[in-house]
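Any read-out appearing in this document is the output of simple, stated calculations on the displayed coordinates, not a laboratory observation. Nothing here was measured: the structure is a model prediction, and the numbers come from that model. Using ideal geometry, Cβ is built from the backbone for each residue, glycine included, and neighbour counts are taken over all protein chains shown.
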C-alpha cells in the first residue's frame, strides 16, 4: 500500500555525507508538517518524482545560502553572483541531495527524477501537494536552508 | 521530436481549455505577462525522456480559471485557486503525455505531481533543458506554456 514517506533521517544522513565534502557547514534544526500552501524561499529548486514513488522535493534557500552552495559545488572560495554556471551547480546540488536521500529508502522500486527547476522571486508561496508536506530546516554557515517534500510510494 | 511534442502540447492545452473552461485559447506571438503576481505550475516528466512542463499565468487569470472550475461558485478558501490551477496543469500534461505515448510508440512518459509556485517577479530556469515555448491568449487571459527535455533526449 502506498504511504507518505518520512525522509528526515535519510535527509540528515545525506547532508552529513555530502555537505562537508563540499566545505559546507550545516546543522539540522527541526522538521515541521506544513500546510498545503507554504511560504517559499527566494531561491527554490524543485525535483519531481514518478514511477516507483510520486511526489515533489524542494530545496529552498536565501541568496546567501545559494552562494555558499555554489562555492562548494564549483570549488571556489568566493562567489558574488548567480550566473549560468552557478545555476547549473545549484541544480546539481538538489539532484545530488534528492538522489542520495532516495537511495537510502529501502525499496526495490525504481524511482525516476525529473530535471531540476530553479524558481526565484519575491514573496513566493509554494504548494507541492494537496496534502500537508514536510519541511526540514537546516542551518548552513550563518544562514538557513529548507528541504520540503511530499513523497508517496510503496516500500 | 521537440517540435512535435510542442504541437501535441498545444493541442492538449486547447482541448482541455475548451472541455473544462468552455473557452478558447489561441496560440500566438510571444508576450510577457506583466502582472506582478504570477502563478506557475511545474510538472516533471520522466521515463524515456526527462524534462518538465511549465505553465504560467497571472494571478487574475488563475482566479478566473479556478472560479469556472468551481462551477462559478465563490471559492471556500483562497488556496483553492492553486489547487484548481494545479488540476488544470495536470490535465493538460496528462493529455499531452497520452498523445506523446500514442505518437512515439516505443517511448514511455510519466508525470510527477504538479508543484505550484506563486509570487512576485517569479522567474524559473531549468538549465539542462532545451524547450519550446507556447503562448496562448483567450478571453480569460494569457497563458505561457514551456515544455522541454534534457538535451541528451532530443
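Key figures
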quantity: Per-pair calculated FRET efficiency, R0 = 41 Å: residue B:23 and residue A:9 via Cβ, rounded to 0.05; calculated: 0.30
quantity: Residues of the stretch A:12-36 with amide N under 11 Å of a point placed 7 Å along Cα→Cβ from residue A:139; calculated: A:26-30
quantity: Relative packing of B:41-52, A:140-151, which averages over residues the other C-beta atoms within 10 Å, highest first; calculated: B:41-52, A:140-151
quantity: Shielding by other protein chains, A:48-56, mean Cβ within 10 Å; calculated: 6
quantity: For the stretch A:3-153: span of alpha carbons on each principal axis (Å, largest first); calculated: 42, 33, 28
quantity: Computed FRET value (nearest 0.05) for residue A:108 with residue B:34, which takes r as the C-beta separation and R₀ as 45 Å; calculated: 0.35
quantity: Centre separation in Å (Cα based) which lies between the stretch B:119-147 and the stretch A:1-30; calculated: 32 Å
quantity: Mean Cα-pair separation over length for chain B, i.e. relative contact order, pairs under 8 Å, 6 or more apart, %; calculated: 37 percent
quantity: Shielding by partners - mean other protein chain Cβ count within 10 Å, residues of B:39-47; calculated: 6
quantity: Residues A:92, B:102 arranged by fewest to most Cβ contacts within 10 Å; calculated: B:102, A:92
quantity: Cα gyration tensor of the stretch B:28-81 - equivalent ellipsoid semi-axes, whole Å, descending; calculated: 25, 17, 10
quantity: If the convex hull is drawn through the Cα atoms of the protein assembly as shown, its volume per residue in Å³; calculated: 135 Å³
quantity: Rough spin-label spacing in nm, given labels placed 7 Å along Cα→Cβ, for residue A:28 and residue B:151; calculated: 3.8 nm
quantity: Contact order relative to length of chain A, as percent, for alpha carbon pairs under 8 angstrom and 6 or more apart; calculated: 42 percent
quantity: Average beta carbon contacts from partner chains per residue of B:125-133, 10 Å cutoff; calculated: 5
quantity: Ranking of B:103, A:30 by count of other Cβ atoms within 10 Å, fewest first; calculated: A:30, B:103
